[in-house]
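Taking it in order: structure first as structure tokens, then the write-up.
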Amino acid sequence: MKFTTPQPPTRGVLFVHSAPSAMLPHVEWAVANVLGDRADLAWVKQPAENGTYRAELSWQAPAGTAAAIASSLRGWEQLRFEVTEEPTSTTEGCRYSYTPTLGLQHAMVGLHGDILIPEDRIKAIRAKAASGEVDLDTALDALLGVRWDAELEPFRHAGEGAPVRWLHQVV
């Protein structure tokens, strides 16, 4: 018999920054498959890239759902998205950012929205920087997701005022 510890509930938001029209039903299906409920996203034109659409979906589900959503959407060409998850009493918050050119980036996020970098990762890049293997600023920028933020920023601003819909996971 397999025993699993139930994850505490949390909330999050999926931001699909850009997707071509042919991909929209596939994105909805993938998200619905993770959440266990229909995912009717309110798609609006994305002015930052002609021929693409954007949508936002707020959700409530067990911790770890953001990772499952990101895993279901990663690797899709022409798709840009971010999915966030709020921290719980037993888990850190997180943000996954994806672009076709950069791939998937994951960051732990604290209670106030700051990116948290674990001590062991900082020690590792300091050691690599000391040996000349990496540049410290470049390594820190990678941990902070600076390149992902730069690529996604025009798509974030283009989506201001877009509707947000709440979706609850079916238990």
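The values are calculated or read from the model by the stated rules, or taken from the named source; none is laboratory data. Just so it is clear, the structure is predicted and the values come from calculations on it, not from any experiment. Note that each Cβ is placed from the backbone with ideal geometry, even for glycine, and that neighbours are counted across all protein chains shown.
Data table
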{"quantity": "Check on Val146, in contact with a helix residue (DSSP H, G or I) (Cβ under 9 Å, 6 or more places away or on another chain), at pLDDT 90 or above, under 30 Å from Asn50 (Cα atoms) and surrounded by 11 or more Cβ atoms within 10 Å (Cβ to Cβ)", "calculated": "yes"}
{"quantity": "Conditions (1) surrounded by fewer than 18 Cβ atoms within 10 Å (Cβ to Cβ); (2) over 29 Å from Pro87 (Cβ atoms); (3) not small (Gly, Ala, Ser): number failed by Glu49", "calculated": "(1)"}
{"quantity": "Helices (runs of 4 or more DSSP H) fully within segment 69-166 counting 1 or more residues that are in contact with a Leu (Cβ under 9 Å, 6 or more places away or on another chain) and not aromatic (Phe, Trp, Tyr)", "calculated": "119-130, 146-158"}
{"quantity": "Residue count for segment 64-120, restricted to those that are surrounded by 13 or more Cβ atoms within 10 Å (Cβ to Cβ), among the charged types (D, E, K, R) and closer than 15 Å to Ser18 by Cα", "calculated": "3"}
{"quantity": "Failed item in (1) out of contact with any His (no Cβ under 6 Å at 6 or more places or on another chain); (2) part of a strand (DSSP E or B); (3) within 25 Å of Ala150 (Cβ to Cβ), with Arg11 passing the rest", "calculated": "(3)"}
{"quantity": "Failed item in (1) among the acidic types (Asp, Glu); (2) without any contact (Cβ under 8 Å) to a residue 40 or more places away in the chain; (3) surrounded by 13 or more Cβ atoms within 10 Å (Cβ to Cβ), with Asp137 passing the rest", "calculated": "(3)"}
